[in-house]
Structure formats: structure tokens, C-alpha cells
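The values are calculated or read from the model by the stated rules, or taken from the named source; none is laboratory data. Here the structure is a predicted model, which is why all the values come from computation and not from measurement. Virtual Cβ from ideal backbone geometry, glycine too; neighbours counted across all protein chains shown. For the accessible areas, the whole protein counts, side chains as well, though only heavy atoms, and no ligand, DNA or RNA atoms are used. Shrake-Rupley method; radii C 1.70, N 1.55, O 1.52, S 1.80 Å.
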Amino acid sequence: MELLPQLLIAGVVIGSVYALAALGFVLIYKSSRVINFAHGQIIATGAFIAFALTQRGVNFWLAGLIAMLTTFLLGMLIERVFLRRMVGQPIIAVIMVTIGLSSVIDGLIHLTPYGAGTFGFERPALLTGQGIELFGLPLSKTQIAGVLMALGLLGGFTYFFNKSTLGITMRAVADDQMAAMSVGTSVERVFALAWAAAGLTAAAAGVILGLMSGLTLGGLAGIGLKVFPVVILGGLDSVIGAIVGGMLIGILENLSAGYLDGIVPGGGTREVFPFIILIIVLLIRPYGLFGTKEIERV
Amino acid sequence: MSQPQPSQLEVQGVTLTFGGLNALTDVSLTVPPGEIVSIIGPNGAGKTSLLNCISGFYHPTRGHITFGGHDLSRAAPNVVTSYGIARAFQNLELFRGLSVVENLLLARHTHLRYSLLDSLIFYGRASRQEAENRAYVERIIDFMELEEHRSHPVGTLAYGIQKRVEVARALTLAPQLLLLDEPMAGMNVEEKEDMVRFILDIQREQGITIVLIEHDMGVVMDISDRVYVLDFGQLIAGGRPEEVSADPRVIEAYTGVAEEQQAVGA
Amino acid sequence: MTLSTPHTSNAPPPQVAASKDDLTVNNVEVVYHDIIQVLRGVSLTVRAGQVTSLLGTNGAGKTTTLRAISGLLKPENGKIREGTISFAGKTLSALNGTDVVKAGVVQVPEGRRVFKHLSVEENLRAGAILGRGNWKEDLERIYIYFPKLPALRHKQAGYTSGGEQQMIAIGRALMAHPRVLLLDEPSLGLAPLLVAEIFDNVRRINREEGLSVLVVEQNANIALRNSDYGYVMESGRIVMEGLSAQLASNPDVKEFYLGVTEGGVRKSFKDVKSYKRRKRWM
Amino acid sequence: AQKTVTLPWSGAITGPTSDAGASYAAGVEDYCKYANAQKMLPGITLNCVIRDDQYNNANTQRNFEDFVANLNAPVFLGYATGGALQLKSVIQETKIPTLTASYHIGIIDPPNNTYTFLPVSSYSENIVALLEYVAKKERGAKVALIVNPSPFGRDPVVDARKAAERLGLKITDVQEVGGNNLDNTALLKRLESQGAKYIINQNTAGPVANILKDAKRLGLLGKMQFMGAHYTGGEDLTKLAGDAAKDFIWATSYYLYDEGTQPGIILAKKIGTQFKRGADTIRSVHYTSGMMASAIAIEAMKRAGANPDAAGVYKGLISMNGSRAFNPGFAVGPVTFSAKDHIGAESLRLLQADATGNFKAITGAQRSAMFQLVHPMK
Amino acid sequence: MPASRFTQTGNYRTKYRQDQTIFATYAEQLSLIVLIGLLLLLPLILPKTMLRDVNMIMIYAVAVIGLNITTGYTGLINIGQAAFMGVGAYATALAATRLNLPFFIAIPMGGLAGALVGTFVGLPSLRLKYLYLAVATLAFQIIFEWGVGHTPLLAQGGAISLPQVQVFGVKATFFNHNFVWYYLILPVLVVMGLLWRNVLRTKHGRSLIAVRDNDRAAAAMGINPGTAKIMAFMIGSFYAGIAGGLFAYFQKAVVIEDYGLHISIQLLAMAIVGGLGSLPGSFLGPLFIVALDRVVGGTSNWIGSQNLFPAGVDAATALRPLSFGLAIVLFLMFEPRGLANWWRLSRLYFKKWPYKF
Ligand SMILES: Nc1ncnc2c1ncn2[C@@H]1O[C@H](COP(=O)(O)OP(=O)(O)OP(=O)(O)O)[C@@H](O)[C@H]1O
Ligand SMILES: Nc1ncnc2c1ncn2[C@@H]1O[C@H](COP(=O)(O)OP(=O)(O)OP(=O)(O)O)[C@@H](O)[C@H]1O
Ligand SMILES: [Mg+2]
Ligand SMILES: [Mg+2]
């Protein structure tokens, strides 16, 4: 029975990429209750910025850093220009703005040479060469880096939201903007910050994803959809949920690819399995494993 | 709006638990037809929870609630409504985007008896009943003196008016029993007087039984036929207003001072 | 009786000398959505170290007045069209909400808007966002004023009772180190005992810390008993002002706000007629 | 007086698969313009109409209607599998000969297949040819199929199963893998545990590259031989998979850019430079494929004479056989059509990638004998 | 009373029943009749390919009315409307090809199939609120696409061709296809629109709006919010199913790509641009988005042919998502009530014409 542990490990690895992608999504939802359908496109933007820089001879790590900074600013900009006007509008309107934005960013990426085609990072020295082997499953250094990064960010953001005043305030804003303003919180700054932080983690996710499976606009942006099962499972507003949800979905996907695909004619169950899980979770525990339960009293 | 045989509301041994917390513990009380019965008690005592149990928003963990032969303890809110129980909420639960008239029309839902098919063709039954309904709703608007606001979106009305719409809407349901949760919160004396007048008229002219939750002891003492006091989910007193207000447990848990001392004499 | 007459009430209140820490609202007009005028030239003063109360009917514009002071009009699509508000040498009417808090004026919003999903302690900490002072010490200070709260520290605020929520909301505002506290209907929906407790606490904080307070109330009874000076507002105008004790003995205030007949006895709600007496100030 | 005849193409210049579609469109357009410049059709000026349909069938239909009803086009050059399948009944009704960039065998299978043609051998034939290769190398080998989750990907499966049975090969698994396959560990591990040694892909280059990279990481490249049909290989794959593409075996009917001595490639380079196409476009096999489709259509018009209408073009097409076969040199064999034969250049080669990712032919131009047995043309 | 009932500028009603009329004034009724007359003549004056676009607009309008029923009026965000269309399309295709039923039965069967599946998919709405339901419909969309791909009966997403129809002895051929279908789709759209307009003035319509505004209060009014939500899904996906059936015939074949996620999003965009929860918006939205698509298509073809941009920069491809996205975003930011609001304002203007106030 070597297959099972291998599937689990591989699930954790890919799951950490999902987790990273989901993290930014959660950051935005957590403070502003906005579901961001453009997150995949921001991930793509981050990845392509890093790639474009390495193409021009910039050191890989520096390029990644600049990309993260750029998407940090991009996140702020998006909030400033588009989302700020939408405060107080119905949820569907806000959702549609992000859907519209995803389309706009798609278009903008098509204005660069990276809109069509596939590209690959030149792997930096640190990430080349032999990784480690677990239960006979070789893991590349990139994959290990992805897992570590996901766990690191998990720790950091969990601490931030539970212990720091700013983190607590960001959650407070999600609860009641007016009340938050009454104690001097700049709600606008909080939103901008959330979007910026989301942008930052998006670039990280994009670069890791690019290292693992190449850069295509469709592939990178497509992860924006994969994120939904993850965040629903983990809880839309939970950092730890994003990580655990990501890993779980990764694992479940792999188990379905490992075992179900052999049974279902045509296979390909991993494409749909997460969404079936999603519906089941929604029915049993609508706020996910770690999500906050909506307090509703009449 | 004639009630053939008025029903009595019976709450028997109701306990309601949230996780570890007992919001209500073994509460039993009776609301005789045609009376105004007030429920008072400190914040968090379980008054709204009790109302929620009656109106089907919560289901008691133990105990029974019956009204005119119907068991309410497991019924959904819309089912409870169909038994002739209407409710006005503590925190306004209006259809904010709709006008006053539309809000009231919605309250006629259960009184309209036509199918989706009738709706689709809108000829005959649906059309006729809708016209009758409008007439009914306009009568309520007159009664509650809401004429000048009738076509304004409810969300833009002043708080006090919204409270009145809330009561009007419950009244439009043509209930036998009307549950009012702090209908006078946030009003000054003058506005409270208006609301009291409506409540008394509803009771006297239409014979509707009223359960009232209110923190203003003046109002409660003046208009109730019977008062129940909840504290920490338990019924600590019940009876005629004078008896209750003199009860030392009530003074300790709720009013803090005897009622007469409250007025400003200074 | 030194009650100033309506419409000519710009004479300074007589009891204490003006101080630079007075909060003054001068002839302020506010409109919502650029068209709905709500305040029509409101002027009032919150004397340093005093509790000032603001009474008025529903929709008179009391909340709007507080929002105008605290810079919270913008999210409601309202704006100050005319007039100024100043405090400690700063013109508040030119500042946004955050800067008003920085200037030392903090509002406790109407209806106990606690952060439902945050714990009680996190609610309080969220009040310390501007980082005045040491939040740990401040927490202890607030727990002294509201001794019920420490036991609830880790409870989700959404599940606490109304009175507790009001305490949390006030405590949260205190965490921002205000010099002027604006309270919007703290008694709303609270049981009499809790109302008394809240006002006792407000009074105590006012005395011990010299905090100025402007409290908007429907419960004129308790507000006038716990304040030094009072204003009455109707349809966006201040129609009456005076020392609280004096206001309490004004016949109109008695009838419309305190529910007491001219003879001095509380009239029964049961005897209300739909006939309405015209208010003298209208 | 010059007569104007429309040569129309509708395909994905934008939208999904547009990386292939844009080059293909360029090929179609450039060859058409080139034909005008060369006065290939005496007395006729071609109206080269290139329309973007964004890989959207409704747009394809709209374009088709416009071409046929308004522009009187005697022929239709299409692109996507879905669009082509959807149009079949209309094509049958309007009798407009049609060539698409999709080599899905269903396009020319009955019903409604009188006027549909494939320029080169089908995906199914690609895959059967690969199976034949496997059978020759290792009797009774275990083979797995990985296909795109779409009609494009799934169609060859039936023929592949039949062929494998006759060839004595064992198909251990058929898996669908789409464009968002970020991690193929589970898939590959399962295939490994089944003992599959040959993995045949019917897909686009992106997913295949991801599989190859994962296989490399898992150390499976030596143990498994990866292979694929027309749209899996070539420059696209090398660009994506890098050194993981090494040893990949690819079945295609086209000549490659590097085979500079082939007349078709020489022509493509010449035309590409003439119309100032980018180097990447000219290198792309899709550019060559586009030219091929264009060339076949124009040749058929030529054969239709002074007045090329749909019927004439159809006759022109089905006249391309025997001594009258058409050989523009883009593909490894001549284009032959007849009333029964709707596949143009049936011949194909298998090519294998070397360490630098260059594909080198490992077989000569050939037809798959087995394919004719498992999928007899009706 | 004004001199003529056609020039009246307001309403002078004396009975509540008069308040129920759909069109406020006789002038409005008249203008509607004129409009329908014009619509009947439209195919005679429109260029052929445009007629096709008009047909598409009308089919999408049916689907968008349905989307408005679930999302606009009931507030249940639905990111899977195209999948419901797909259900209708496949059901219609099966009815037409396997059961050999004529189109006037096959298409309603598509509607019923849509309603059936919609009811089923709507079940989670009993428990789910807000965004969670949106995500569930998204999941349905994805599961639907995957499911079709794995169902041989549905040609695994490949084409199922539909037979040509014959109406009153006229056979729809390639050359009169759009023409014939125009006269089939238009009445369906008008009837579907009127039916919904009727529902809106009754308790059923109101109960949906009530649930959207405040489902707890709705329950207190005796409305079963669960039933109302399921009903919304049922009716909404019935409309989608009808639209899908029409689309199947109109496209002559059913392929899965026509019912993908991007179409769902396009339908949402149409509903938003038209104005959520507005019947006129359900027509204007599809009109706008399809027209935008045509204009952009033309422009991007032109850009593509001009070599205006450096190699590798694909401006032509960029244009479409850019314009589509911007249209959505700009509408939401500057005209959240959509084109329906412009429609309303212009109606108001003409109602009061020649007076301006
Ligand atoms: N949905 C719920 N989940 C958990 N606890 C609840 C819920 N609803 C009510 N409670 C708890 O039940 C207790 C009683 O609350 P309830 O609202 O009935 O009080 P109340 O007497 O109406 O108070 P008030 O006068 O402030 O309205 C409170 O402690 C409250 O926190
Ligand atoms: N955001 C808003 N938009 C439009 N009008 C508003 C808004 N907020 C308040 N108003 C209107 O302004 C007027 C005054 O409202 P305000 O809330 O200031 O009254 P208030 O004196 O605090 O009343 P209450 O005792 O009910 O709280 C009311 O008529 C109200 O309808
Ligand atoms: Mg209550
Ligand atoms: Mg107020």
C-alpha cells in the first residue's frame, strides 16, 4: 500500500498551492465581505510580472519580490478605483464588479505578450536539483517551498488577525463598518490593505504555481475557480480554513484521481469531485470547517 | 374580521437551550383571548426568545405551545402565521425597499387563494382577489393613520413611522393574536401615546389578543390586563400589573425602584 | 426661571465660563443625498467636563447632529452644507471620521452596534486602533467601570444581552481615549435597571475623568436627571435649551417628554386621546 | 473582367485555443493573398475573409451564414471541433464543401458527411498509428490513453480500443485530463501501478507538458514512453515542457519548420516573410496547416474553372486522386480526395524529440493499415 | 379629465382594479401595439445576418427573464443559468431526436426539464444564504458540464443535430431559418414576458420580492421562504429551459460549449446591464451585450488586420474581454439600475411630453 501515502503527500503539495491561492481570497472576504472573482487574474498578473522580469535578466527572487510588491499596489488600486464605490451596494453587484474586473484584467494581460501561449520560469539555483523523497514519492524543491510558504503565511496571518489590533480591526470592519468608523478606523484604509495583502499572496501563489506547472493565462486564472471548494470547505473568512481546506481539497482530489478515476468511465473525476464535496459541505455545514457562523436573531 | 371562537395561547413548560445556555427554563403561561398581556424582564431574560418560540422562529427544546388546538412548538413561522398569530419585530424587519402599501399587501399572502396558474394568466380569480385586497389594505392604512406615507419606500421613513408600519403590517394579517416586541422602543412620550392608542384600539375594536414586550413600565402598568416577568429565562412573577410591580423580586431584578418613584418630581 | 426663549437661544449657557475645550456646533445645516435637508441651523455647546443632553422627537435630527460632529455623515450620503463645528481649536466639520476621533471626539452609535462576531475583549481592542496609550492598561480601566465585562471577555459579543452590548459599545469608545463622548440613545431597548446602571457609569466616568459627554435620549427622564445642561430639538432645529433641572420643570417638556400633566402627576397611557395639544414652541 | 470569389475562414483568433488559431488564420490568409498575387486563379480575385469566432459555435454559425448567404462563398474553412460538428447538417443542406482545422473523425463520419473533408489524417488515425508502433516494439504492451475532456479528446478512444484489441495491446486506462491539471502525481502513480508503459495523449500541448514535467519529477520518464496526436507535440510542447519533452513521440502529417528543404516549408517561409509575419508564427506548425487548408480550397476552385461555385469546388476536391492528386508540399503525402475518401493527406510520420526538444522523424511517411480496418470509411 | 384619453399625463383612477393595469396610460398601450406591429415587420427590413443576432437576443432575453426571476426578484444569485439552458436544450434534443416529437412539444419539454432540474438544484437554497448559494450554483454549472461530457446518451458534449422544423407548411431551410425562427421566437418571448408580468402583480410575485428583501419577515407574513425560493428556481429555470430548447433548434444542434460557465456569466452581465429585477431590462441587457459583442468583433477584426501593435501584443484578443468587463464594471459603478433606468427616464419624459419637469 504505497499508493495511499503517496497520494496523500501529493495532495498536500498541490493543496498548499490551493491554500495560497485561497488565502488572498479569504483576506478580502474577511474584511470586506466581498467575493473576489478576479483573484485568479491577480494571481496570473503576479506570475507574469515575475516572469517578465526574469526574462529581462532580473534575479528570480528579486523578480518575485517585485511582483509581490506590484500586486500589493495593484490590489490597493483595484480597491480604490472600483470597489470603494461599491460600498453599500447589493452583494450581487459587488460580485459582478469582480467578475467584470476579471474580464478587464484578462484583456489587459492580452495586451502583453503573455496573453496567449505557455511559458516557464528559469528555475533559480536554490530550487534546482534533487528534492527529498517521502514514501518513495520524490518531491521537488519547488513543491517543498510551496508547502513551507503556505504554512508560513498561515502562521503569520493567523497571528495577525487574532493578536494584533490592526488584525482585529480588520475583522471588526467586516462586521460593522459604521461602528468601526466610529472609533476612528479608516475603513477605506482597511479595505485597501486587505486587497493589497491579497494581491501580495496572489503573486506568491502565482509564482509557485508557475514554477510547478508553467505559466498560462488560462491555467493561472483558472485557479480562481478552484479556490471556491477550498474556501467553502475551510470557511470563507478563516485563514486556517484556507490552508486546511486547500490541503483537504488537494488530498481529496488526489484520492479521487487515484481511486475513483479507475471506476468512473473516462475518469477525470478530480475536475468535478471538489465541487461535489463543496455541495455536500454546504448542505451539512454551510459556514465550512472554520468559518464564522452568521449570527442571526430576530 | 370576526373571530368565531377566540383561542387561548398556552405555553407549557417551555425550555429553550442554545449550546450550553438556557435562554428559557420551564416557562408556563397563559394568554386569555381578548386581553393585553405584557412580558417584561431584564435584557437577555428571554422575552424575545419566548416570542420566537411562539411564532415559530425557534423551536423549544422541551415543552409545548398551543394555540386554538394547534401545536406551535414545531411549526414553521409561516405556518404559525396561518393559525392567526401575527408579530411585529423588536428590530424592524420590514421590506425596506418596498412602499408601505406593498408591505401591507404582502401581509395578505395567506388570505389570497389562487394558484400560480391564476397568477400567470391574471384573469378572473387573481385579478378579483387582488382588487378586494387593495381595499382591505387601504382600510388598515386609514386605521393606522399612515395615509401620507402610503407610497413611500419604508426604508426612508423615520424610525417611529417604521415601527408603526411594522404594527400595521402585522394587523393586516388579520390575526387573532398579535405579538408586539418593544413597539415603543426609541420613542418619546408623545409618540408612545400614539402607539398606545393604536394598541388599545386594536384590542378594543377588533377584539385581537395582544402580547406586548415593553421596557417602559409606565405603558406596561397602564394598559396590561396581565403581566409576566422573566429573569434569566425563568418566570419569576405573573399577575395583575399592581401585584407584579410591587413584587420585590421584580423590583430587584428589573425596575430597581418601585414604579411610583420613577416619575420626575424634582 | 432662566429658560431662554425659543429661536433666540444663542446666548451662552449661564452656568460655567466658556472653555477652549468646549465643543461648539454653530449654525449647522445638514442635507442627505443633496436634497433632504435635516438640520436647519443647529447650534449647541457641549461644555468641557459636563454632561449635555439632547432630546427630541423621532426624526428630529438628533442622530444626524451627532453624525455631523463625528464625521460619520459621509457613509450615509449626508453632508454639512452650512455652519461649523469646532473643538479644542480644531474645526471638526472639515475633518473626516478618523481625524475627528484623533481630535478626541468619539461617538457611540445608535442601537448598540457591537462587532457581533468578535469576542467582547476583541471588541474593546478594536477601539484602540489609533494606538493611544497602552491598550492593556486601558482594558483594565474599562473593566473597572464595567465589572460585568471581564467575565464575558471571550464570549462572542453578538450573544450578549442588550445592556452588556451597550457597555461594550461605550467601553470600546473609551478605548480611543476620547475627550468628548457622543452617546446616541444608550437606553434604547434597555431594561430600567440597566438604563440606570449605564447612566450611573457615564456619570462616574464623566466625574472621574473629566470626560465631556453629549447624550442623545428619548428617555428624557433619565437624561435630564443625569446631565447638567440640555437641548430640545424638533424638525431639525433647537427649540429649547437650559439647565437640565430647569428643562425638567418646563411644562411642555413635562407633557411631551416626561409624560407628566401640568398638575405634576404622571398621566396614564390608558387615557390618551387622539386629540393633540399644540406645542407652545411651534 | 476580374470575378471576385470569397475564400472564407472562421476560427478562434481570440479566445480559447487562439494561440493555435491565430497562426492558423495567418496561414490561411497569407496563402490566399499569395494566390492572388500569383494570379493562381485566372480571371478570379479571391476575397480572403478571415473572421474571428472566439471558439464560440454561435459565432461560427453566424459567420457561416454570412459567408454562404451573403458572400456566396463556394467553400468553407472552419476551425473547431464543436463548431464543425454543429454545422454538419447545414453543410449537408447547403452543399458547401468544408475543411476544418479539427481532424476529428466524426466530422467526416455519417450522417451529413457528403461535403465535409479533413485536410490530413484524423486524430484517430494518429493514435492508431502510435498503437501500431507500440505493438511492433513490444507485443502485449500495456497502454494508457489520456484524452482531453471534450469531443475533440474523446473521439479517438473507440477506435483506439478496437485497434489495441486487434494488435494484442492492453489498454489499462482511459483518463480525461483538461487544461487545468496542476498536478498529475495521482494519475501517473496510478498508471504506474497498473504497469502501463506507453501513454498516448490526445490533447493540447499544455496539459501534456504538465504531465511530462510531473513524470520527470517522479522519475517515470525512463519507465514510460509518452506519445501523442497532432495537437500534442511540436514547438508548443518543447516550449512548455522543456527537457521533460525528451523522447516524446508525436504523430503528425505535417512537415516541420526545421525541415527547410521541403518545398512546402520553403514556400511557407517565403510567404511568411513576404507578409511580414513574426518568426514565432512562421515556425508554428499551425501556420503551415492553415496554408494547407487554404491551398486545398484554392486548388479545388482552380479545378472548378472559371466559375467556381460550391458544386464545382466539390467536384474539384473529389477529383484530387490518382494522377490528379494535389501535393502542395506542406504535409508528408499528397492530398487525395474522392467521393468516398474525405481525408486529404493520409500519410503521417512519427517523430521523436531529442534532448533539445527538436522533433526528428523516426518513421517514414506512412498510412496506418490498422486504422482502415477499425474505422472503415463509409 | 384631459380632453382625450390618449393625452392624459397621469392616472385618474377611481378603482383599485384599475391600478392593476400593466400600462399606465392609453398612449402607452397604443405605443406597445405599434411596437409589436413594428417587430412583426422587422425581418423584412433587417439585413439577414442581423436577423440572426435579433433571434439570439430574443432567446437570451427569455433566459435573462428567468435569471431575473431567481436573481433579480428573489435575490438568489445564480451562476449556473447557462447550465439550466443546457438542460432544456438537451431535453429538447432528446425529445426531438429520440422521441421524434415536433418542436412545439419538444421545446416545452425542455422548459419542463429545466424546471425539474432547477427545482432540484434550488433545494440547497432552503438552507443556504447569500454567497453560499451562488457558489452552489457555480458548482452545479461545473458538475453539469462534466456530467454531459461523461454521458454517451448526450454525445458526451458533441453535437446532437436537431431536425428542421416545418411550420404551416413552410419548411425551415438554411436560407429562411432565421426568418422562420424569428416568428417562432418572438411570440414565445412576448408570451413569456407577459406571463411574468402577470405573476409580478400577484401574491406569487410579491412573495419572491419579499424573500429577497427580508426572508424572516416574509415567513412572518405567512410566506414559506423555502417554497418561494424553490418556486423562483423552478420558474427561473423553466424560462432557461425554454430558452435552451429554442437555442437548440436555432443553432440546429446542441453542443456543450453553448452552455458553459462563460455563458452563465454573460447572462448575468445581461441581467445587470439591463437592470436587475426589471422586465424591460431583461430585453435591453441582451440587446446591449450582443450589440457590444458585434461592434467589438468588428473592431477587433479590423485591429487584427492592421498590425497596429508590436508582434506578440494581441490587441484584437484583448478588446473583447476588456470591453465586456468594462461594460459590466462601468454600469455597476455609474448606473447600477441598468439600462432599465434609462428606459424608465425616457418613458417618463415622453409621458410628460411636451412638458419638461
Ligand atoms: N440564536 C441565538 N443563539 C444563541 N443565543 C441566543 C440566540 N437568540 C437568543 N440567544 C440568547 O438567549 C438569551 C435571551 O435573549 P432574548 O433576545 O430572548 O432576550 P430579551 O429578553 O428579548 O432581551 P432584550 O430586552 O434585550 O430584547 C440571550 O442570552 C441571548 O444571547
Ligand atoms: N441616510 C439617510 N438618508 C436619508 N435621510 C435620512 C438618512 N438618515 C436620516 N435621515 C432622515 O433624517 C431625519 C432625521 O434623522 P435622525 O436619524 O437624525 O433622527 P433622530 O432624531 O436621531 O431620530 P430617532 O429618535 O428616530 O433616532 C429623518 O427624517 C430621517 O428620515
Ligand atoms: Mg428582545
Ligand atoms: Mg437617532
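Please work out which residue is farthest from D:G179 (Cα to Cα), limiting yourself to segment A:189-240 and to residues that are among the aromatic types (F, W, Y) and more than 11 Å from every other protein chain (Cβ to nearest Cβ). The selected residue is A:F191. Can you confirm whether segment D:310-330 contains a residue that is under 22 Å from D:D30 (Cβ atoms), open to solvent by 50 Å² or more (accessible area, probe 1.4 Å) and not in a helix (DSSP H, G or I)? Within segment D:310-330, one or more residues are under 22 Å from D:D30 (Cβ atoms), open to solvent by 50 Å² or more (accessible area, probe 1.4 Å) and not in a helix (DSSP H, G or I).
Condition check: farther than 27 Å from C:I198 by Cβ, away from ligand 3 (no atom under 16 Å from the Cβ) and either more than 14 Å from chain A (Cβ to nearest Cβ) or touching a residue at least 24 places away in the same chain (Cβ under 8 Å) (or both). Does C:R81 satisfy that? Before the answer, list the steps.
Numbers: farther than 27 Å from C:I198 by Cβ: yes; away from ligand 3 (no atom under 16 Å from the Cβ): yes; either more than 14 Å from chain A (Cβ to nearest Cβ) or touching a residue at least 24 places away in the same chain (Cβ under 8 Å) (or both): yes.
For C:R81, the condition - farther than 27 Å from C:I198 by Cβ, away from ligand 3 (no atom under 16 Å from the Cβ) and either more than 14 Å from chain A (Cβ to nearest Cβ) or touching a residue at least 24 places away in the same chain (Cβ under 8 Å) (or both) - is met.
Against the test of being open to solvent by 10 Å² or more (accessible area, probe 1.4 Å), in a loop (DSSP other than H, G, I, E, B) and in contact with a helix residue (DSSP H, G or I) (Cβ under 6 Å, 6 or more places away or on another chain), the options D:N112, D:N72 yield a single qualifying residue, D:N112. Confirm whether D:S89 is open to solvent by less than 40 Å² (accessible area, probe 1.4 Å), within 29 Å of D:P334 (Cβ to Cβ) and small (G, A, S). No.
Could you please let me know if B:A253 is within 16 Å of ligand 3 (Cβ to nearest atom), over 22 Å from the mean Cα position of the chain (by Cα) and open to solvent by less than 30 Å² (accessible area, probe 1.4 Å)? Yes: the conditions hold for B:A253. Highlighted here are the strands (runs of 3 or more DSSP E) found entirely within segment B:1-115 that include at least 3 residues which are touching a strand residue (DSSP E or B) at 6+ places or on another chain (Cβ under 7 Å) and open to solvent by less than 10 Å² (accessible area, probe 1.4 Å): B:9-18, B:21-31, B:36-40, B:85-88. Residues that are part of a helix (DSSP H, G or I) and in contact with a Gly (Cβ under 8 Å, 6 or more places away or on another chain) within segment D:153-186 comprise D:R154, D:A186, listed in sequence order.
Regarding D:G260, is this residue farther than 21 Å from D:G153 by Cβ, in contact with a strand residue (DSSP E or B) (Cβ under 8 Å, 6 or more places away or on another chain) and without any contact (Cβ under 8 Å) to a residue 60 or more places away in the chain?
In short, no.
The residues of segment A:251-274 that are touching a Pro at 6+ places or on another chain (Cβ under 9 Å), modelled with pLDDT of 85 or more and open to solvent by less than 10 Å² (accessible area, probe 1.4 Å), listed by number, are A:E253, A:S256, A:P274.
Hey, among A:I66, A:I95, A:I78, which residue is surrounded by 15 or more Cβ atoms within 10 Å (Cβ to Cβ) and within 10 Å of chain E (Cβ to nearest Cβ)?
Of the residues listed, the single one that is surrounded by 15 or more Cβ atoms within 10 Å (Cβ to Cβ) and within 10 Å of chain E (Cβ to nearest Cβ) is A:I95.
Is it the case that C:S227 is farther than 16 Å from A:I168 by Cβ, of a type in the set (S, T, N, Q), within 16 Å of ligand 2 (Cβ to nearest atom) and not in a helix (DSSP H, G or I)?
Here the answer is no, as C:S227 does not meet what is asked.
With respect to the conditions (1) at pLDDT below 90; (2) crowded, with 22+ Cβ neighbours inside 10 Å, A:G88 falls short on a single one, namely (2).
Taking each residue of segment A:120-137 that is part of a loop (DSSP other than H, G, I, E, B) and looking for partners that are acidic (D, E) with beta-carbon atoms closer than 6 Å, six or more apart or interchain, yields A:G136/A:E2. Looking at segment C:64-74, is at least one residue over 28 Å from C:N201 (Cα atoms), among the aliphatic types (A, V, I, L, M) and touching a residue at least 60 places away in the same chain (Cβ under 8 Å)? Scanning segment C:64-74, I find no residue that is over 28 Å from C:N201 (Cα atoms), among the aliphatic types (A, V, I, L, M) and touching a residue at least 60 places away in the same chain (Cβ under 8 Å), so the answer is no.
Name the residue, out of C:K102, C:K116, that is out of contact with any helix residue (DSSP H, G or I) (no Cβ under 6 Å at 6 or more places or on another chain) and farther than 14 Å from C:L174 by Cβ.
Every option except C:K102 fails the conditions.
Applying the selection to segment C:150-188, what residues are in a loop (DSSP other than H, G, I, E, B), surrounded by fewer than 22 Cβ atoms within 10 Å (Cβ to Cβ) and over 15 Å from the mean Cα position of the chain (by Cα)? Those that are in a loop (DSSP other than H, G, I, E, B), surrounded by fewer than 22 Cβ atoms within 10 Å (Cβ to Cβ) and over 15 Å from the mean Cα position of the chain (by Cα): C:R153, C:H154, C:K155, C:S161, C:H177.
Restricting to segment B:116-133, name every residue that is of a type in the set (A, V, I, L, M, F, W, C) and in a helix (DSSP H, G or I). Correct list: B:L116, B:L117, B:L120, B:I121, B:A126, B:A131.
Restricting attention to segment B:228-246, the residues being more than 14 Å from every other protein chain (Cβ to nearest Cβ) and buried (at least 18 other Cβ atoms within 10 Å of the Cβ) number 4.
Could you check B:S38 against (1) modelled with pLDDT under 90; (2) touching a Leu at 6+ places or on another chain (Cβ under 8 Å) and say which number it fails? Looking at each condition in turn, B:S38 falls short on (1).
Considering (1) assigned to a loop (DSSP other than H, G, I, E, B); (2) surrounded by fewer than 20 Cβ atoms within 10 Å (Cβ to Cβ), the lone condition that B:A185 does not fulfil carries the number (2). Scanning segment A:243-258 for residues being closer than 20 Å to D:L188 by Cβ and in contact with a Leu (Cβ under 8 Å, 6 or more places away or on another chain) gives a total of 6.
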